[in-house]
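Report on the structure given below.
Please treat every number below as a calculation from the coordinates, not as lab data. These numbers come from a predicted model, not from an experiment. Glycine gets a Cβ as well: all are built from the backbone with ideal geometry, and neighbour counts include every protein chain shown.
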Amino acid sequence: MDVKFLDLTRQYEILKKELEPAILRCAMNGNYIGGSVVQEFEDSFAKYIGVKYAVAVNSGTDALAIALRAIGISEGDEVITTPFTFFATAEAIVSVKAIPVFVDVEESTYNIDVNAIEEKISSRTKAILPVHIFGQPANMDEINKIAVKYNLKVIEDACQAAGAAIYGKRAGGLGTIGCFSFFPTKNLGAFGDGGMITTNEENLAVIARAIREHGSGVNGAKAYKLFGYEYTDIGTVEKQTVLYTPHKYFNYIIGVNSRLDAIQAAVLSIKLKYLDEFNQKRNEIADRYYEGLNTLKEIILPECKEGIYHVRHQFVFRCEEKYKLIEYLGEHHVGAASFYPIPLHLQKALSYLGYKEGDLPVAEKITKETVCIPIYPELKKEEQEYVLRTIYAFYQH
Ligand SMILES: *Cc1c(COP(=O)(O)O)cnc(C)c1O
C-alpha cells in the first residue's frame, strides 16, 4: 500500500460535479477579481464563523499582515506570539516593522502557554497573537483576560482552524480579529492562494478592505478618516458611472494588492458547505489513531481540553525517535512530516532578535519529537489501519 501524506485530488473528484460549473460560470461572466461571487463568500463565511464582517484577501500571510496594520500595529510595537507555528505568523509581525516576542508553549497541546505570557508584557506590547495550532484552539479565555488587563488587542491565527470552536463559539470570532488561510492543504482549501480576515468591529473591516485594495475607493476614504487625517471629499460616490469611478483612482492610504479571485471564492463557497462534514471525518480518523496509538508507551498523544472542538488540521504526536520513525514510514510508503522541525526563535531569518537555544525549552523539545501522519477527510479506513500497522512494526523492530 502507498499512503500519501495528502491527496487533494480525492476531494476534487467528490465535488467536481458542483465545482466545475461554478468555475466555468466565473470564466464566462468576465468578473475575475472581486464582484458578487467574492461578496457572497465573505457573507457566508462571516455567518459561519459567527462574526459581523469577513474581508477576503489573497493569503493567510496577508490576512495576518493586514489585520496587524488594521489594529494599528506599527514600527517598534511588540506582539506576543508562539514559536511553535508556521513561519508566516512571525513574518507578518516583522512585515509591519513590529517585534515578535515569543512565549513558550504547552507540552500537552503545543499551543501558547498562557501562564508564560504576562512576564513577557512590556510597555511596548500592543497585541497577543495566538495560533490555534494543528486545529486546536488556544486558551482564548485566559488570553482575552490578559488582553483586557493590559489593554492589548488579540489577533487569532486561525489559519489551521477553520471550523474549530470553544464551547460552540468558532475560532476567528474569539478575539479582536481573526485570520484564515485557504492554502490548498488547509481544512478549507482553495485551488490556489486565498485568505480571510474576520471581525465584529466595523472600523477594522473598513481599514482591512482599504488596505487590500491600494488604500483606494470609498473604504480608502473612510480608513483615511479613521486614521485621524483631515478629509475633504474628492469626487462623489453619487456621480459614479460604470466607466469611471471617481473614488477608485483616489488613494488615501498606502495599501497592497491582496484580493481574492472570483474563481477561488466560487470554489470556497462550495467547499464551505461541506466543511463541518470534512472536519467530522478528520475527527473520526483522529479517534481511530488515538485508539490505535494509545497502547504504545513510546508515543505521547496530545491532549484536547473540555469544550474544545479540534478540527485536526494535522495529526501530531510526540516520540523520541522522530526522524527514525519518519524515515521508516517513508520507506514503507507512508507519507509523514515533521511539523515543525525548528521553533521560530531559532530560525536564521529571525536571529537578529537575539534568542538562543534554551530560551524556550518546551518549544525546542517538542520540535525534536513531533511526527505528523496522514489525516484528511478522504483517507480510507484501510489506509489508516496500514499507517497504524507500520508504526507498530517500527516499534517491534
Ligand atoms: C498556512 C498558515 C499561514 C499562512 O497562510 P498562507 O495562506 O500560506 O499565506 C499562517 N499561519 C499558520 C499557522 C498557517 O498554518
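3J(HN,Hα) along the stretch 21-29, derived from phi through the Karplus expression 6.51 cos²θ - 1.76 cosθ + 1.60 where θ = phi - 60°, amounts to x, 5, 5, 5, 4, 4, 5, 7, 7 Hz, with x in place of Gly and Pro. Dividing the summed -39500 (n - 2.57) terms of all DSSP H runs of n ≥ 4 by the residue count of the chain sets its mean residue ellipticity at 222 nm at -12000 deg cm²/dmol. Counted by Cβ distance under 11 Å from Glu321, the other residues give a net charge of 0, where Lys and Arg count +1 and Asp and Glu count -1.
Let me know the longest stretch in the chain that avoids all chymotrypsin sites (Phe, Trp or Tyr not before Pro) found in a DSSP loop with at most 11 other C-beta atoms within 10 Å. Longest stretch, sites excluded: 1-166.
In the stretch 49-110, Cα pairs under 8 Å separated by at least six residues give a relative contact order of 35 percent.
Taking the fewest neighbouring Cβ atoms within 10 Å as the starting point, the ordered list for Leu360, Leu8, Leu346 is Leu8, Leu346, Leu360. Near the amide H of Val57, within less than 5 Å, lie the amide hydrogens of Gly195, Met196, Ile197, all on another chain or at least 5 residues away, with H placed in the peptide plane. Annotation: amide H-H contacts under 5 Å for Ile308 (H modelled 1.01 Å from N, sequence separation of 5 or more, or interchain): Tyr167. Once Lys and Arg get +1 and Asp and Glu get -1 on their Cβ, which of Thr295, Ser338, Ala223 lies farthest toward the positive end of the dipole of the chain? Checked the options; the winner is Ala223. Taking GluC sites (Glu not before Pro) in DSSP loop states with no more than 11 other Cβ atoms inside 10 Å as exposed sites, the chain has its longest site-free stretch at 76-229. GNM remark for the chain: springs join alpha carbons under 10 Å apart, and the peak mean-square fluctuation among Lys322, Lys356, Lys365 falls on Lys356. The modelled label-to-label distance for the pair Lys149/Glu284, using points 7 Å beyond Cα in the direction of Cβ, is 4.3 nm. Short-range pairs are left out: with C-alpha atoms under 8 Å and at least six residues apart, the relative contact order of the chain is 21 percent.
Based on every Cα atom in the stretch 36-125, Rg and the maximum pairwise Cα distance Dmax equal 15.4, 47 Å. Each part reduced to its alpha carbon centroid, the stretch 18-36 and the stretch 280-322 end up 39 Å apart. Straight-line reach from Lys52: taking Cα to Cα under 17 Å and skipping same-chain neighbours fewer than 8 places apart, the lysines in range are Lys169.
Diagonalising the gyration tensor over the Cα atoms of the stretch 245-397 and scaling each eigenvalue by 5 before taking the square root yields semi-axes of 36, 26, 14 Å, largest first. Which pairs, out of Lys4/Lys186; Lys126/Lys305; Lys126/Lys222; Lys97/Lys365, put more than 18 Å between their alpha-carbon atoms? Pairs exceeding the cut-off: Lys126/Lys305; Lys126/Lys222; Lys97/Lys365. Taking a ≥ b ≥ c as the square roots of the eigenvalues of the alpha-carbon gyration tensor, the chain is classed oblate because a/c is 1.5 or more while a/b is no larger than b/c. Using a cutoff of 8 angstrom between alpha carbon atoms and counting only pairs six or more residues apart, the relative contact order for the stretch 21-136 works out to 22 percent.
Between Ala98 and Gly76, the built amide H atoms are under 5 Å apart, and every one of these is 5 or more places off in sequence or on another chain.
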